[in-house]
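See below for the structure under consideration.
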Amino acid sequence: MTWLILGLVMFLGMHSVRVVAEGARQRFIEQRGAGAWKGLYTLVSLLGFALIVTGFAQARLQPVVLWATPGWTRHVAALLVLVAFVLLVAAYVPRNGIKARLHHPMVLSVKVWALAHLLANNTLADVLLFGSFLVWSVLSFRAARGRDRANQTVYPAGTLAGTAITVVVGVVAYAAMAFWAHAAWLGVRPFGGA
């Protein structure tokens, strides 16, 4: 569990700098340059991610079960993760109505993904992993919206084509993850089986 916690602190800590220490980030960039910041950000994030993966895998070998999970939670989680995939794609497809309306769909995607996994899982490692990401996403979204207001950021209007592409790609990516990649990469079948 130690590696998981250390990884979460590193990964989410680095991703929280704009939430809790925007001034320090700006000073670092002014003194050392944007390239140095991006390099440090990438290095710490990758190391943190590797520790999260390692720690979570170790924790799954001897799970500490906190409660019994009702079967219906898997269905709710599956629906929420579908929404999370569409939101994730919305962060990248230009001029889609979802991003035009919500402004920060990637952070919302993490929020929905984390909530879904908290509903469907029941171990201490699950609560640490998905709970941490949920708290981070709530705080990050709030900070991003605050920066938007302060900077008077205007997002381009969405188009029907951009929105349709977003939804289709999101659904296809979700299907690939749900029916193949989740089991292949993580050893867990979201639909039927462990």
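No lab work stands behind these numbers, since they all come straight from the coordinates. Just so it is clear, the model here is predicted, and its values are computed rather than measured. Ideal geometry is used to build each Cβ from the backbone, glycine not excepted, and the neighbour counts take in all protein chains shown.
Some observations on this one:
- Seen from all directions on average, the stretch 123-166 presents a Cα convex hull projection of 4.8 nm².
- Across q = 0.21 Å⁻¹, the stretch 6-114 modelled as identical point scatterers on its alpha-carbon atoms has Debye log10 I(q)/I(0) values of -1.20, in the order of the q list.
- Across all C-alpha atoms in the stretch 1-62, the radius of gyration and Dmax reach 13.8, 46 Å.
- Point-to-point label distance, residue 75-residue 148, nm (Cα→Cβ direction, 7 Å offset): 3.3 nm
- With the convex hull of the Cα atoms taken as the outline of the chain, the averaged projected area works out to 12.1 nm².
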